[in-house]
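Worksheet for the structure shown next.
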Amino acid sequence: MNWKMSLISIGLFAVASSPAMAETGGQIMHNTIVSDAFDGNRIGVASERDIQVYLPPDYDQTDQAYPVVYYLHSFFEDETALFDTYDGKAHIDAAITSGHLDPVIVVAADFSTPTGGGFYTSSPVTGDWLSFIADDLVAHIAATYRTLPQPGARGIFGQHAGAYGAIRIASRRPDAFGVVYGMHPVATGHGNILMQSRPDWDALAAAETLGDIKGNFLNEIFTIIYQANLPNPDRPPLYFDPPATRENGRLVMDPALTEKLQQSFFLERHVGDYAENLKRLRAFKFDWGRHDGNQDHVYSNQFYSRKLNEFGVPHEAEEYNGGWGDGMFNKGGRIETDVLPFFQRHLAFEEDLS
């Protein structure tokens, strides 16, 4: 959808911006962007998306352009997660004030849907998330703030589903993002648990509205997965083709749909197709907690790193001593000790760098 970018200055995006000044450190700006990336979606994903933007402390005192880091939130969150839930501003302020991070702009947008997320995957059911993020959102930020224009000056990161999205998008659009960090990504590959054994297939089959899946966590998660990877715009109310059914108490798999799902969903399945794109990145890292209660995440991340090595993709992969979500945004957590220093080492902070 690059044709839209030339129209940004004449009103393709309706933008509202107002500062919320902090007493110290940087400031958080609240923006709204309207995008046609969600035209025709089947579950009511709004075309108007809210954005929170961190501007560094010296933004109003200089005329320099800055690198930009984009944050992708996880399931059932929105643009408020980074700065409100996880106190991201304090972490970034501290890193800049201490000299451990050069001034950057950090962007957190609303990537939520009525079902809890779109898994950062382009789908006729949930919208074109790839184009929204890599084209529309990047162009909006570039048009609104002073940013360095080259992909090496743009980073992208997230946690859990957001980490998955950061890796998926960077692998497809190295022309938009040059540095990626995934904090404990999910769905990097197949684990030990039979995937289609997790949903309640009887409840999914009986659903008459999208609201009927609410309250069943696994059904909500797998509806998000299936809408993203097995979308069927003509199959209401859930709008996906089920890769399994339960018949007389027995789980019956659809082999063709299961293969389609795994090929679309698991990041390790994408390595061969996108290895050359991943090699274009300035830097790529992901990590995971060794004691995640769902050991599928541990095994699949280990395997994903090995798969990347098989294709010669430079990357860093770290298994740390922790569980699901441990030590990420707390004081002295990985956002401070690993993520922000990683961007300091690898982002382009000068316009003539690529």
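Give me the lysines in straight-line cross-link reach of Lys89: C-alpha distance below 25 Å, same-chain residues under 8 apart excluded.
Within reach: Lys285, Lys331.
Before rounding to the nearest 500, sum -39500 (n - 2.57) across all DSSP H runs of length at least 4 in the chain and divide by the residue total; then give [θ] at 222 nm in deg cm²/dmol.
Helices in the chain give a 222 nm mean residue ellipticity of -7500 deg cm²/dmol.
What are the semi-axes of the equivalent ellipsoid for region 129-193, taken as the square roots of 5 times the Cα gyration tensor eigenvalues, largest first, in whole Å?
25, 11, 10
Compute the accessible area per residue over the chain, keeping the other protein chains in place, probe 1.4 Å, unit Å².
Per residue, the chain has an accessible area of 40 Å².
So I have [x] 69, 45, 37; [y] 62, 55, 33; [z] 74, 45, 36, and one of them is Cα extents along the principal axes in Å calculated from this model. Which one is it?
Comparing each candidate, only [x] matches the computed number.
Name the long-range amide H neighbours of Ala244: under 5 Å, sequence gap of 5 or more, or other chain; modelled H, no Pro or chain starts.
Amide H neighbours of Ala244: Asp254.
May I ask for the equivalent-ellipsoid semi-axes of region 298-352, computed as the square root of five times each C-alpha gyration tensor eigenvalue and listed largest first in whole Å?
Sorted largest first and rounded, they come to 23, 21, 6 Å.
With contacts defined as alpha carbon pairs under 8 Å and 6 or more residues apart, what's the relative contact order of the chain in percent?
Relative contact order, the chain: 17 percent.
Counting every Cα pair in region 172-253, what percent are over 17 Å apart?
Tail fraction, whole percent: 56.
Please get the size of the charge dipole for the chain, origin at its Cα centre, with Cβ charges of +1 on Lys and Arg and -1 on Asp and Glu, quoted in debye to the nearest 20.
740 debye
Probe radius 1.4 Å, ligands and nucleic acids left out: which of Asp93, Asp39, Asp254 has the largest accessible area, and how do the rest follow?
So the residues, ranked largest to smallest area, are Asp39, Asp254, Asp93.
In whole Å, what are the extents of region 100-160 along the principal axes defined by its C-alpha atoms, from largest to smallest?
Here the spans come out as 38, 25, 18 Å, largest first.
How big is the charge dipole of region 159-208 about its Cα centre, in debye rounded to the nearest 20, if each Lys and Arg gets +1 on its Cβ and each Asp and Glu gets -1 on its Cβ?
Here region 159-208 has a charge dipole of around 340 debye.
Provide the per-residue ³J(HN,Hα) series for region 253-270, in order, calculated from phi with Karplus coefficients 6.51, -1.76, 1.60 and θ = phi - 60°, each as a whole number of Hz, with x at glycine and proline positions.
8, 9, x, 5, 6, 5, 5, 4, 4, 5, 5, 7, 8, 6, 4, 5, 6, 8
Could you give each residue of region 322-332 its phi-based ³J(HN,Hα) in whole Hz, using Karplus coefficients 6.51, -1.76, 1.60 with θ = phi - 60°, and x for Gly or Pro?
The phi angles translate into x, x, 5, x, 5, x, 8, 10, 6, 4, x Hz.
What is region 247-320 by shape, rounded, prolate or oblate, if you read a ≥ b ≥ c off the alpha carbon gyration tensor as root eigenvalues and call it rounded for a/c under 1.5, prolate for a/b larger than b/c, and oblate otherwise?
oblate
List the residues whose amide H sits under 5 Å from the amide H of Asp292, counting only those 5 or more places along or on another chain, with H placed 1.01 Å from N in the peptide plane.
For Asp292, whose amide H was placed from the backbone, the distant partners under 5 Å are Trp324.
Which of the three applies to region 203-354, rounded, prolate or oblate, going by the alpha-carbon gyration tensor with a ≥ b ≥ c and a/c under 1.5 meaning rounded?
prolate
Accessible area of region 177-283 with a 1.4 Å probe: how many percent of it is carbon plus sulfur?
Taking all protein chains in place, region 177-283 shows 48 percent carbon and sulfur surface.
Name the residues whose placed amide hydrogens come within less than 5 Å of the amide hydrogen of Ser123, ignoring near sequence neighbours (fewer than 5 apart) on the same chain.
Under 5 Å from the amide H of Ser123 lie the amide H atoms of Asp128, Trp129, each far enough along the sequence or on another chain.
Looking only at region 40-164, where both bridge partners belong to it, what percent of the DSSP beta bridges are antiparallel (to the nearest 5)?
35 percent
Considering only DSSP states other than H, G, I, E and B, which GluC sites (Glu not before Pro) in region 196-259 qualify as loop sites with at most 13 other Cβ atoms within 10 Å?
Glu208
Just the number, please: carbon plus sulfur as a percent of the accessible area of region 287-327, 1.4 Å probe, no ligands or DNA/RNA counted.
47 percent
The values are calculated or read from the model by the stated rules, or taken from the named source; none is laboratory data. The structure displayed is predicted, hence computed values, not measured ones. Using ideal geometry, Cβ is built from the backbone for each residue, glycine included, and neighbour counts are taken over all protein chains shown. Each accessible area value is taken on the protein alone, full model and side chains, heavy atoms only, with ligands, DNA and RNA left out. Shrake-Rupley method; radii C 1.70, N 1.55, O 1.52, S 1.80 Å.
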